[in-house]
Amino acid sequence: MSRLAIRLLACVVFLGVSMATAEEQRRNHRVVIEISGEGEEHWSGLVTNLINLQSTLGADQTQIEVVVHGKALPMLVGTNKAVAEPFEKLSRTGVRFVACEKAMAKQGVSRGELLPFVTTVDAGIAEVVRKQEAGWAYVRLDH
């Protein structure tokens, strides 16, 4: 095979890999949502936004992490039946709900008190920064 043919083949392979990577990035949406406000309107709005996001971009094409801290933390406590069902349904579709351990300590909430599908992070604000640094889209839903 001539050098020209090898170079052309290498270019075609490189372009194919580049195009596949670009297509994969377009299809793989990553969104971190920060919420710290209290009240039913915040959580009903969050549920609506999560459903709209998944239905528009595709639940199987979108990674979503909801970072909860501050006054919003009580919504992730197991005794809060108002949001337990819709949040649990969303968690089954891949939405991750994470609670800020700093807010938990400040409010005296233990891990065992959280809804069973909730995970924790060391600091909510640090988690948001890490996600943004990793290229995730950022949305804040406190209106």
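Listed values, structure above:
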item	result
Residue among Trp43, His29, Gly78 farthest towards the positive dipole end of the stretch 27-140, charges placed on Cβ	His29
Per-pair calculated FRET efficiency, R0 = 25 Å: Thr48 and Thr79 via Cβ, rounded to 0.05	0.60
Shape category assigned to the stretch 27-140 from the gyration tensor of Cα positions, a/c cut at 1.5	oblate
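A short reminder: the numbers here are calculations on the coordinates, not readings from a lab. Since the structure is predicted, the reported quantities are computational estimates derived from the model, not experimental observations. Neighbour counts run over all protein chains shown; Cβ positions are idealised from the backbone, glycine included.
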